[in-house]
Amino acid sequence: MREERQRLLQKKRVIVKVGSSSLVHKETGFIHFGKLEKLVRVLSDIRNRGIDVVLVSSGAISVGRKALGIQGRPETLAQKQACAAVGQGQLMMIYQKLFAEYGQISAQVLMTKTTILKPLNRTNAQNTFEELLKMGVIPIVNENDTVSTEEIEFGDNDSLSAVVTALVGGDLLILLSDIDGLYTDDPNKNENAKWIPVVNEIDHTILSMAKGVSSSFGTGGMATKISAARIANDSGADMIIANGENFDILNEIMEGREVGTLFLAHKNSEFHMMDYIETKSYLKS
Ligand code: GLU
């Protein structure tokens with residue numbers, strides 16, 4: 001086992017982010033129950049090994065859109081927010097049912113950027129997470145899309161999950177998406193693109209590799225994932241980008257197998273989550 005991967009065996013608090021593309025059937029956009037069930041089973045096992053688990057799940061808008069029979073992406077903000085209101089409820093109903101089948105208690109935590117920007121709200125959120133994790137609960141987090149507005153939204157769950165990682169003092173963030181990890185170029189367009197197993201430092205070369213690689217369902221492309229890595233790494237957590245096509249990959253990651261791209265933590269004593277949120281400086285490449 002490679003040295004950098006060995007540290008993954010010691011993780012105690014893991015945040016897993018699942019994008020909409022990993023939760024729905026590619027052909028139709030309807031919920032993929034088989035995959036959801038697998039995700040819940042694998043996460044329950046990680047929890048049963050004594051590791052704290054936080055799930056950041058997208059899908060509110062796409063599930064709501066399907067339930068309401070809306071074709072394509074919702075057009076207006078109000079339509080998007082209405083879809084989220086319907087979809088978030090449906091998603092939680094499914095998650096709670098499935099987690100209960102595996103003997104786990106799950107909880108819904110909906111956040112907006114204000115939760116982080118306002119010190120009192122931030123402290124409350126932090127305390128709530130701590131209490132939930134102490135009680136062995138699996139928090140399921142999403143942006144509160146129904147009330148957040150464009151000016152103050154995270155906009156993508158890659159950033160949100162990194163902020164949550166910093167907030168709860170997680171030691172590993174796993175971003176599951178429809179890509180295997182970071183490549184030297186877009187693997188869909190360039191067959192010579194090479195997979196990168198480990199990133200020690202996010203420099204200009206890494207930033208330039210991320211340009212233009214996006215996913216068809218979610219909001220975040222590779223650039224938002226690199227921004228997430230900066231936040232997570234600076235807060236002291238390792239981060240992995242891996243393919244969520246098969247959720248067994250979560251076990252492989254936790255066993256130190258060489259899958260996905262691992263971005264190594266480098267605790268930055270200057271790190272203040274607020275600076276990043278207020279200036280959005282981490283989000284610029
Ligand atoms: N919060 C959005 C949703 O649940 C998803 C954002 C994202 O995919 O990054 O639909």
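The values are calculated or read from the model by the stated rules, or taken from the named source; none is laboratory data. Owing to the predicted nature of the structure, the values given are computational and were not obtained by experimental measurement. Cβ: placed from backbone, ideal geometry, glycine included. Neighbour counts: every protein chain shown. Accessible surface areas use protein heavy atoms only, side chains included; no ligands, DNA or RNA. Shrake-Rupley method; radii C 1.70, N 1.55, O 1.52, S 1.80 Å.
Summary of computed values
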{"quantity": "Which of 202, 165, 139, positive extreme of dipole for the chain (C-beta unit charges)", "calculated": "139"}
{"quantity": "Mean Cβ count within 10 Å, highest first, over the residues of peptides 78-88, 228-238", "calculated": "228-238, 78-88"}
{"quantity": "The chain: relative contact order as a whole-number percent, Cα under 8 Å and 6+ apart", "calculated": "22"}
{"quantity": "Prolate/oblate/rounded label for the stretch 35-188 (Cα gyration tensor, a/c 1.5)", "calculated": "rounded"}
{"quantity": "Straight-distance crosslink candidates among aspartates and glutamates, where the alpha carbon sits under 16 Å from residue 189 and sequence neighbours closer than 8 are dropped", "calculated": "178, 180"}
{"quantity": "Neighbour net charge for residue 13 - beta-carbon separation under 9 angstrom, K R +1, D E -1", "calculated": "0"}
{"quantity": "Radius 15 Å from Cβ of residue 65, net charge of other residues (Lys, Arg +1; Asp, Glu -1)", "calculated": "+1"}
{"quantity": "Computed accessible area, residue 32, all protein chains, 1.4 angstrom probe, square angstrom", "calculated": "50"}
{"quantity": "For the chain, accessible area per residue (1.4 Å probe, heavy atoms of protein chains only), Å²", "calculated": "45"}
{"quantity": "Fraction of beta bridges assigned by DSSP in the chain that are antiparallel (%, nearest 5)", "calculated": "15"}
{"quantity": "Long-range HN-HN contacts of residue 107 with modeled amide H, under 5 Å", "calculated": "138, 140"}
{"quantity": "Long-range HN-HN contacts of residue 59 with modeled amide H, under 5 Å", "calculated": "20"}
{"quantity": "Proximal charge balance of residue 83 [Cβ under 14 Å; K/R count +1, D/E count -1]", "calculated": "+1"}
{"quantity": "Percent carbon-and-sulfur accessible area, the stretch 40-124, ignoring ligands, DNA and RNA, probe 1.4 Å", "calculated": "53"}
{"quantity": "Above-threshold pairs, the threshold being 22 Å between Cα atoms, out of 38/97; 26/66; 225/267; 35/66; 12/267; 134/267", "calculated": "134/267"}
{"quantity": "Using distinct alpha-carbon pairs, which all enter the 1/r mean, Kirkwood radius of the chain in Å", "calculated": "18.9"}
